[in-house]
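The values are calculated or read from the model by the stated rules, or taken from the named source; none is laboratory data. This is a predicted model, so every value here is computed, not measured. As a convention, Cβ positions derive from the backbone with ideal geometry for all residues, glycine included, and neighbour counts pool all protein chains shown. Each accessible area value is taken on the protein alone, full model and side chains, heavy atoms only, with ligands, DNA and RNA left out. Shrake-Rupley method; radii C 1.70, N 1.55, O 1.52, S 1.80 Å.
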Amino acid sequence: MKLNHDCIRSVMLAIESNLFLDIPLEASELEELTSGYSNETILYTLLKLEEAGYINLGKSLERNRLSHFDIECITWDGHIFLDTVRDNKVWSQTKKAVSTLSSVSVPILQQIASDRLLKLISGSNLP
(Lines give C-alpha, C1' and ligand atoms only; values in the text may rest on other atoms or scores of the structure.)
Protein backbone atom coordinates (compact mmCIF):
# COMPACT_ATOMS: atom_id res chain seq x y z
CA MET A 1 0.00 0.00 0.00
CA LYS A 2 1.17 3.50 -0.77
CA LEU A 3 1.21 6.16 1.95
CA ASN A 4 -0.85 9.19 0.89
CA HIS A 5 0.70 12.45 2.09
CA ASP A 6 -2.51 14.45 1.72
CA CYS A 7 -4.33 11.82 3.75
CA ILE A 8 -1.69 12.09 6.49
CA ARG A 9 -2.28 15.83 6.77
CA SER A 10 -6.08 15.50 6.58
CA VAL A 11 -6.17 12.75 9.21
CA MET A 12 -3.88 14.66 11.56
CA LEU A 13 -5.96 17.85 11.22
CA ALA A 14 -9.18 15.88 11.81
CA ILE A 15 -7.72 14.22 14.88
CA GLU A 16 -6.55 17.54 16.28
CA SER A 17 -10.00 19.11 15.80
CA ASN A 18 -12.01 16.19 17.19
CA LEU A 19 -9.90 14.63 19.93
CA PHE A 20 -10.53 15.58 23.54
CA LEU A 21 -8.44 14.90 26.62
CA ASP A 22 -9.18 11.44 28.06
CA ILE A 23 -11.81 10.72 25.38
CA PRO A 24 -10.36 8.56 22.58
CA LEU A 25 -11.50 9.21 19.03
CA GLU A 26 -12.78 6.14 17.21
CA ALA A 27 -10.90 5.49 14.00
CA SER A 28 -14.23 4.79 12.29
CA GLU A 29 -15.22 8.45 12.78
CA LEU A 30 -12.36 9.67 10.59
CA GLU A 31 -13.95 8.55 7.34
CA GLU A 32 -16.70 11.14 7.90
CA LEU A 33 -14.20 13.81 9.00
CA THR A 34 -11.83 13.43 6.05
CA SER A 35 -13.22 13.58 2.55
CA GLY A 36 -12.24 11.38 -0.32
CA TYR A 37 -10.25 8.67 1.46
CA SER A 38 -11.31 5.06 1.82
CA ASN A 39 -11.55 3.45 5.23
CA GLU A 40 -8.61 1.21 4.29
CA THR A 41 -6.44 4.23 3.38
CA ILE A 42 -7.34 5.98 6.64
CA LEU A 43 -6.62 2.90 8.76
CA TYR A 44 -3.30 2.32 7.02
CA THR A 45 -2.41 5.99 7.57
CA LEU A 46 -3.26 5.70 11.27
CA LEU A 47 -1.02 2.66 11.67
CA LYS A 48 1.85 4.47 9.94
CA LEU A 49 1.29 7.63 11.99
CA GLU A 50 1.60 5.52 15.11
CA GLU A 51 4.77 3.89 13.75
CA ALA A 52 6.21 7.34 13.08
CA GLY A 53 5.42 8.42 16.63
CA TYR A 54 2.86 11.07 15.64
CA ILE A 55 -0.12 9.50 17.44
CA ASN A 56 -0.89 6.86 20.07
CA LEU A 57 -3.50 4.23 19.26
CA GLY A 58 -5.50 1.90 21.44
CA LYS A 59 -6.04 -1.38 19.57
CA SER A 60 -8.40 -4.32 20.01
CA LEU A 61 -7.66 -7.70 18.50
CA GLU A 62 -10.19 -10.31 17.51
CA ARG A 63 -8.89 -13.65 16.24
CA ASN A 64 -5.42 -12.12 15.94
CA ARG A 65 -6.68 -9.37 13.62
CA LEU A 66 -7.22 -5.69 14.32
CA SER A 67 -10.93 -5.29 14.96
CA HIS A 68 -11.10 -1.80 16.42
CA PHE A 69 -8.84 1.04 17.31
CA ASP A 70 -9.06 4.46 18.84
CA ILE A 71 -6.81 7.46 18.64
CA GLU A 72 -5.73 8.23 22.19
CA CYS A 73 -3.53 11.28 21.66
CA ILE A 74 -1.30 13.26 19.35
CA THR A 75 2.33 13.06 20.43
CA TRP A 76 4.77 15.96 20.70
CA ASP A 77 6.23 15.03 17.29
CA GLY A 78 2.72 14.88 15.86
CA HIS A 79 2.02 18.41 17.05
CA ILE A 80 5.30 19.61 15.54
CA PHE A 81 4.31 18.02 12.23
CA LEU A 82 0.87 19.66 12.36
CA ASP A 83 2.27 23.06 13.23
CA THR A 84 4.57 22.76 10.23
CA VAL A 85 2.00 21.70 7.61
CA ARG A 86 -1.25 23.19 8.93
CA ASP A 87 -1.20 26.39 6.87
CA ASN A 88 -2.80 25.81 3.44
CA LYS A 89 -0.32 28.13 1.72
CA VAL A 90 2.66 26.31 3.22
CA TRP A 91 1.18 22.91 2.30
CA SER A 92 0.41 24.03 -1.26
CA GLN A 93 3.94 25.36 -1.76
CA THR A 94 5.42 22.21 -0.24
CA LYS A 95 3.46 19.96 -2.59
CA LYS A 96 4.42 22.16 -5.55
CA ALA A 97 8.10 21.93 -4.60
CA VAL A 98 8.03 18.12 -4.72
CA SER A 99 5.52 17.66 -7.54
CA THR A 100 8.14 16.65 -10.12
CA LEU A 101 9.59 13.91 -7.89
CA SER A 102 8.31 10.36 -7.85
CA SER A 103 8.90 9.80 -4.15
CA VAL A 104 9.41 12.00 -1.09
CA SER A 105 9.48 10.85 2.53
CA VAL A 106 7.36 12.43 5.24
CA PRO A 107 10.42 13.85 7.08
CA ILE A 108 11.55 15.51 3.83
CA LEU A 109 8.06 16.96 3.30
CA GLN A 110 8.13 18.26 6.85
CA GLN A 111 11.55 19.85 6.28
CA ILE A 112 10.42 21.52 3.04
CA ALA A 113 7.26 22.77 4.76
CA SER A 114 9.38 24.08 7.63
CA ASP A 115 11.65 25.92 5.18
CA ARG A 116 8.62 27.44 3.43
CA LEU A 117 7.13 28.46 6.76
CA LEU A 118 10.36 30.14 7.87
CA LYS A 119 10.55 32.05 4.58
CA LEU A 120 6.97 33.24 5.02
CA ILE A 121 7.68 34.32 8.59
CA SER A 122 10.83 36.20 7.58
CA GLY A 123 9.00 37.91 4.71
CA SER A 124 11.27 36.48 2.02
CA ASN A 125 10.01 35.91 -1.50
CA LEU A 126 9.41 32.26 -2.22
CA PRO A 127 10.74 30.70 -5.41
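Among 84, 41, 100, the largest mean-square fluctuation in a Gaussian network model of the chain, built with springs joining Cα atoms closer than 10 Å, belongs to 100. Count Lys and Arg as plus one, Asp and Glu as minus one, and take only other residues whose Cβ is under 12 Å from that of residue 56; the net charge is then -4.
Centre-to-centre, using Cα atoms only, region 1-16 and region 96-110 are separated by 15 Å. Quick one: pull the percent of accessible area on region 1-100 belonging to carbon and sulfur, 1.4 Å probe, ligands and nucleic acids left out. That fraction is 47 percent. Once you've got the GNM for the chain with C-alpha springs shorter than 10 Å, pick whichever of 46, 19, 30 has the biggest mean-square fluctuation. Comparing 46, 19, 30 in a Gaussian network model of the chain, the most mobile one is 19. Its DSSP H runs of at least 4 residues, each contributing -39,500 (n - 2.57), put the calculated 222 nm mean residue ellipticity of the chain at -16500 deg cm²/dmol, to the nearest 500. With K and R counted +1 and D and E -1, the other residues having a Cβ less than 15 Å from that of residue 90 yield a net charge of +3.
Note that the chain presents 63 Å² accessible area per residue, ligands and nucleic acids not counted, probe 1.4 Å.
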